Structures are given as structure tokens and as C-alpha cells.
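Here's the structure, in C-alpha cells; my notes come after.
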Amino acid sequence: MTTPRLIAERRQLGRRLLLSAPAMLTLLVFMLLPLGIMFVVSILQSGDYGGVKWGEYSFEAYRNFFYERDLDDTLVFNTDYLEIFQRSFWLSILTTAGCLLIGFPTALYLALQTERKRNLLLFLVTVPFWTNLLVRAYAWMLLLRNGGLVDEGLQGLGITDTGLGLLYTNNAVIIGLLYTYLPFMVLPIYTSLEKMDWRLVEAAFDLGANRFHALKRIIVPLAMPGIVAGSILVFIPSLGNYIIPELLGGGKTLMIGNLIQLQFGSSHNWPLGAALSFALLSFVLLAMLVYSVRFKPGNAGGHP
Amino acid sequence: MNTHNPLWRFAGMRPAAWFFFIFLYLPIVVLVVLSFNGGQSATLWGGFSLKWYSVVANDAEVVRAAKNSLIVATLATLISTSLATLAALGMRGRAFRGQTLMSGVLGLPLLVPEIVTAVSTLMFFSFINLKLSLFTILIAHVVFCIPFAYLPIRARLEGMNPYLLEAAADLYASPWKAFWKVTFPLLSPGIISGAMLAFIISMDDFVITYFVAGAGATTLPVYIFSSIRMGISPKINAISSIILVISIAFVALSYYVGQRKR
């Protein structure tokens, strides 16, 4: 059945694939293949002086998450890494909660502004995303350090009388993560609020609902896809963030990202670093999968 | 919607928004103000001066790092934008089997955590025995710039009227001519804004560069990181402010270009 029409269509498809090929090949070779190699490295023996022993397979790296080998080669339960996982999850959960607390009302505020003001404010929300995170984390070091502007400001207002010693603590890391990811919470929530049919809220008011009920029964449920998307966009990257704990935690408040970096730096344990990265990646992909199954495009109400 | 109706004023909404914008911009403003500090301290104000900017401009190491950053960002932008433009043109039109998968691959660098991309790329270069240098940085940058260049171009293509191409064909334009006379001029704002985003993302990247940079191949963010490690200083304030202002200028410009002729 090779009608001329079919041939033409096939030729066009070929042309389109050819156009996409350079970008696709670049990503396959320099993104997917490295991820594959990373998985292989995670099941290899670690080399004696860094690197790995190619061809010698072992699940040692994954066992390392929970156990360490004693001198006489017995496995001993080790909570060091578990503590870092726990801290990463806990700090990321607090960050997500904080982002939601500030981000939802901000998104609501944005959605209720006139169009001109809204566009300007939206632009202001996106600008920090395009600026250097390293530099912005550094700015927070200036603010949070002993005798820095936060200390001085609070003392000037008479709220505290000694320095808070905020820098290099868990609190500094949470402030930094909040600061980094707040826009990621505001934008998706704003997007779902913007698409919302506000007449539903008007109807609720007409039917005697007060603001709290309108919020609880209409606005929050309809904004749910945005809230979930925002929470994922905040939680997942903050779990693997490297810069913030490194600079604001001062190397004392390790998170998964720093632990991974250490394996390629001073610890010289590539398989463990690869295994940790692979675990982080699997977690991200799992979260995205769950999200895309539950909140398919078109399932705007967010009800499964 | 009548936003003047007091019913629409939800308690706490306005203070939260104020807090949000102050929280977001306060550190940036403080940093830029402190970069004009004349004193020796990074945080204590000692009068207005451009002293630290001239210190930065005369520091050979900073200048070399800035050059490296510019070289990598320019090349990465040119390459990734070309690849992304071709891919966007290929993705246009009737959906074919596997297209969703291909879009997924194009967006992959946005999904994978930066640290994971960094270490997997490092292991890949070690596996193929490629010595770390500016070249390895360039490869890594091209990869993560592709989606940033691709998305605005694709969005622009989607908003384009398909009848224009049919009209061109009806008027006996060859596909090649139709591309240069119709598609390309209409697409160029998307290409420019994609290229600008790719440039900023490449200039700003630290985590991935840090892992795949060989000895001597220092970019500006890597230089800043190693200086911060040695403690805060007014010199870092000045370099950081320069980077911030460049990024913000680029974003504003890219936004302006994207909004034009909509």
C-alpha cells in the first residue's frame, strides 16, 4: 500500500527525525549514557586509590548505606549515612512546608491583581531563578553571619541583644533552601489559580459562604494540582541541593548532595557516590511518575 | 472580576506577598550595595567607592576566569541553540510515535538533579579517558543548555499560524524559501530568547562545571566558590554584583524580546 501520499508522509517524517537527530544524539550520548555508566559504577568495586575496578561487581556500595565493614570483615550497622538521609528529608520537608505557607497566599495575591500589575510581579518572581544561586547564597552569608545585617537589624529593633549565630546551622540551611525554591512554589500555584473559574467563588459568596469556606471548599481544592506540582518542584531539588548546605551549613550540616560530592573528593569512593546518586535519581523519577499518573493534563480538578 | 470587592481580600494574603518579595530581593540589594563599600570589611560600611571594582578588574586570575566563562557560554549557546532550533522544527507538526519519549529526552536535563548530572558526566569522561579541560566543560554545558534553548523556540513555533506556510506554498515558494521568508523571521524572537536563556544558564552554572573542570580551567562561578571557601571579602561582593547585574539585564532583555510582536 505505497500510495504517493504515504510515501510523501514517510519522507516528511524522515526529514523531521533528521532535524531532531543532532539534539537527540547529543542527549543520548552525553546524558543518558553517563547515567547508565553511573549505574554500572554503583555496582563495581571501589579502586584502592580512587576510581573503580572495572569488571569486578559488588553490591558493597548499596550495603554501605546501612552497614560498614569492621576490621575483621563483619558488617556493622552504621547510622552515619542514615542520619544524613534523615536530615536531608527533614530539612526538605520543612522547606516545602515553609514554601507552601508563604507561597500559597502570595500566589493568591498575584492572581487577584489587575493584569498589568500581575505581569510585572510575575516577572519579578522569575528573575531570581535566572541569577546565580552561588552568588545569592553568598549574599545570605553576608546577612546571617555573626554581626551581619540580620543580627544588627534585630538588635537595632531591640528584639535580641546578642548575636543569633545563625550562619552554619540547620536554620541557615532552611532559610537558604526556602529562598532558593519559593518561586518554584508560587508559579505552579499561580498557574492553577489563573486558570480557575472565579465565578465559582462568586457563586460560593452569593450562597453565603464566608472567605474561609470559599478558600477551603473552592479555591484550595481547585489549586491542588498547582500545590502538588509546587511541592514536588521544591522538595525534590532541595533534597539534592549542594550549594546551600555547603555554604550556609558550613560543611557541618551535610545533605545527600554534599555526601555525593565527598565520595568524588576526599573519600574516593566512586561506587558509593554513584549508588547515592542513583538512589536520588530513582526517587526523583518515581515522584514524577506518581505525579504524572495522578495529575494527568486535563485532569485539572486533581481528582483521580 | 471585581477585585475591589472587600470579600476578595483574604487575610494574610498581602503581608505574605510583601514578605515574599522583600525576602527574595533583600539579599540581592544588600550585596550590590555592599559592593560599593570603600572600607576593608565585607559587611561594615566605610563610605561609597568603586575601589573593589578596580581591584577585580586588575586581578589577572579573575579576568582569566571571566574569559573562560565567556568562551564556554558563547560556544555552548551557539551549539545548543542550533541543536534546539533544529529539534523544535523537527517536533513541529502531526504527532508521531515516540514523539512523547523524544520530548522527554529533550527535557531530561531539567529533571535530573544537578549533582547527579555532574557526577555521571564526570564518570563518563573518566570512562572514555577524556582529560578534563575547558572542552569537557563545554560538552556538559551544551547538554544542559539544550532544554532552556528548546522550550522558548518550541513555544514560539506552536503559536505560529500554520496557514502562513500553506499560503507561501500556494504562492510557489519552495519549502527552503518558505522557511527563510516565513518561518525563520517569525521564529527569531523565540530563538533569541532561547539563546539568551542558554547563555545565562551557562554563565551561572557552578555545580556541574565544578565537577568536570580540569586544573586551570576555572570559570567565574568556580573561582567565586573557591574564594568564598577562604572567607567573605569585599572583592567577592564586587564580582558577585557584576554577575548578578549581567544575569538580570539578560533576563529583562529576553523577557522584552519574547513579549514583542506577540
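From the list A:Phe129, A:Phe123, the one residue that fits, being without any contact (Cβ under 8 Å) to a residue 12 or more places away in the chain, of a type in the set (Phe, Trp, Tyr) and in the same structural domain as A:Ala229 (by TED's automatic domain parsing), is A:Phe123. Residue count for the stretch A:239-263 satisfying the condition of being open to solvent by 10 Å² or more (accessible area, probe 1.4 Å), more than 19 Å from A:Thr95 (Cβ to Cβ) and either at the interface with chain B (Cβ under 7 Å from one of its Cβ atoms) or in a helix (DSSP H, G or I) (or both): 2. Taken over the stretch B:54-70, residues that are outside any helix (DSSP H, G or I) and either open to solvent by 70 Å² or more (accessible area, probe 1.4 Å) or touching a helix residue (DSSP H, G or I) at 6+ places or on another chain (Cβ under 7 Å) (or both) amount to 1. Of the residues making up the stretch A:181-211, those that are within 9 Å of another protein chain (Cβ to nearest Cβ), surrounded by fewer than 21 Cβ atoms within 10 Å (Cβ to Cβ) and assigned to a helix (DSSP H, G or I) number 4. Among the residues examined, A:Ser266 qualifies as among the hydroxyl-bearing types (Ser, Thr, Tyr), at pLDDT below 85, open to solvent by 30 Å² or more (accessible area, probe 1.4 Å) and assigned by TED's automatic domain parsing to the domain that holds A:Ser192. For the stretch B:79-131, a tally of residues being within 7 Å of chain A (Cβ to nearest Cβ), at pLDDT 85 or above and not in a helix (DSSP H, G or I) returns 2. Against the condition within 18 Å of the chain's Cα centre (by Cα) and either without any contact (Cβ under 8 Å) to a residue 12 or more places away in the chain or not in a helix (DSSP H, G or I) (or both), how does A:Leu143 come out, does it pass? For A:Leu143, the condition - within 18 Å of the chain's Cα centre (by Cα) and either without any contact (Cβ under 8 Å) to a residue 12 or more places away in the chain or not in a helix (DSSP H, G or I) (or both) - is not met. Residue-level check: of (1) modelled with pLDDT of 85 or more; (2) polar (S, T, N, Q); (3) under 25 Å from A:Trp90 (Cβ atoms), A:Ser192 misses just (3). A:Phe65 meets all of the listed conditions (1) under 22 Å from A:Asn241 (Cβ atoms); (2) at pLDDT 80 or above; (3) surrounded by 12 or more Cβ atoms within 10 Å (Cβ to Cβ) but one, namely (2). Just wondering, is there one or more residues in the stretch A:47-54 that are at pLDDT 80 or above and charged (D, E, K, R)? No: zero hits. Scanning the stretch B:15-36 for residues that are hydroxyl-bearing (Ser, Thr, Tyr) and surrounded by fewer than 18 Cβ atoms within 10 Å (Cβ to Cβ) yields one hit, B:Tyr25. Which of the residues belonging to the stretch A:101-121 are out of contact with any Gly (no Cβ under 6 Å at 6 or more places or on another chain) and crowded, with 17+ Cβ neighbours inside 10 Å? Within the stretch A:101-121, A:Ile102, A:Gly103, A:Phe104, A:Thr106, A:Ala107, A:Leu108, A:Tyr109, A:Leu110, A:Ala111, A:Leu112, A:Leu121 qualify. Scanning the stretch A:34-57 for residues that are open to solvent by less than 20 Å² (accessible area, probe 1.4 Å) and in contact with a strand residue (DSSP E or B) (Cβ under 7 Å, 6 or more places away or on another chain) yields a count of 3. Every condition in (1) at the interface with chain B (Cβ under 10 Å from one of its Cβ atoms); (2) under 26 Å from the mean Cα position of the chain (by Cα) holds for A:Gln113 except the one numbered (2). For A:Ile236, are the conditions met, namely being within 12 Å of another protein chain (Cβ to nearest Cβ), over 17 Å from A:Ala287 (Cβ atoms), in contact (Cβ under 8 Å) with a residue 24 or more places away in the chain and open to solvent by less than 40 Å² (accessible area, probe 1.4 Å)? No, not satisfied. Please go through the stretch B:174-217 and pick out each residue that is among the aromatic types (Phe, Trp, Tyr) and at the interface with chain A (Cβ under 10 Å from one of its Cβ atoms). Correct list: B:Phe206, B:Tyr210, B:Phe211. Here B:Leu70 meets each of (1) modelled with pLDDT of 95 or more; (2) more than 9 Å from every other protein chain (Cβ to nearest Cβ) with one exception, condition (1). Working only within the stretch B:206-215, note down all residues that are touching a helix residue (DSSP H, G or I) at 6+ places or on another chain (Cβ under 9 Å) and either open to solvent by 10 Å² or more (accessible area, probe 1.4 Å) or part of a helix (DSSP H, G or I) (or both). Scanning the stretch B:206-215 gives B:Val207, B:Ile208, B:Thr209, B:Tyr210, B:Phe211, B:Val212, B:Ala213, B:Gly214. Applying the set (1) more than 10 Å from every other protein chain (Cβ to nearest Cβ); (2) farther than 20 Å from A:Leu32 by Cα to B:His141 leaves exactly one unmet item: (2). Restricting the stretch B:107-119 to residues that are within 22 Å of A:Ser20 (Cα to Cα) and touching a Leu at 6+ places or on another chain (Cβ under 7 Å) leaves a set whose member that is surrounded by the most Cβ atoms within 10 Å (Cβ to Cβ) is B:Val112.
Taking the stretch B:71-98 as the range and being open to solvent by 70 Å² or more (accessible area, probe 1.4 Å), without any contact (Cβ under 8 Å) to a residue 60 or more places away in the chain and more than 24 Å from B:Phe184 (Cβ to Cβ) as the test, only B:Arg97 passes. Taking the criterion of being in contact (Cβ under 8 Å) with a residue 60 or more places away in the chain, open to solvent by less than 10 Å² (accessible area, probe 1.4 Å) and either touching a His at 6+ places or on another chain (Cβ under 7 Å) or at the interface with chain A (Cβ under 10 Å from one of its Cβ atoms) (or both), the only residue of the stretch B:218-233 that qualifies is B:Pro221. For the stretch A:132-180, which positions are open to solvent by 40 Å² or more (accessible area, probe 1.4 Å) and aromatic (Phe, Trp, Tyr)? Matches in the stretch A:132-180: A:Tyr168 only. Here A:Thr126 passes the criteria (1) over 23 Å from B:Ile200 (Cβ atoms); (2) more than 7 Å from chain B (Cβ to nearest Cβ) except the one numbered (1).
The values are calculated or read from the model by the stated rules, or taken from the named source; none is laboratory data. Note that the structure is a prediction, hence the values are computed from the model and not measured. In this analysis, Cβ positions are derived from the backbone assuming ideal geometry, glycine residues included, and neighbour counts consider all displayed protein chains. Areas reflect the complete protein model, heavy atoms only, side chains present, ligands, DNA and RNA absent. Shrake-Rupley method; radii C 1.70, N 1.55, O 1.52, S 1.80 Å.
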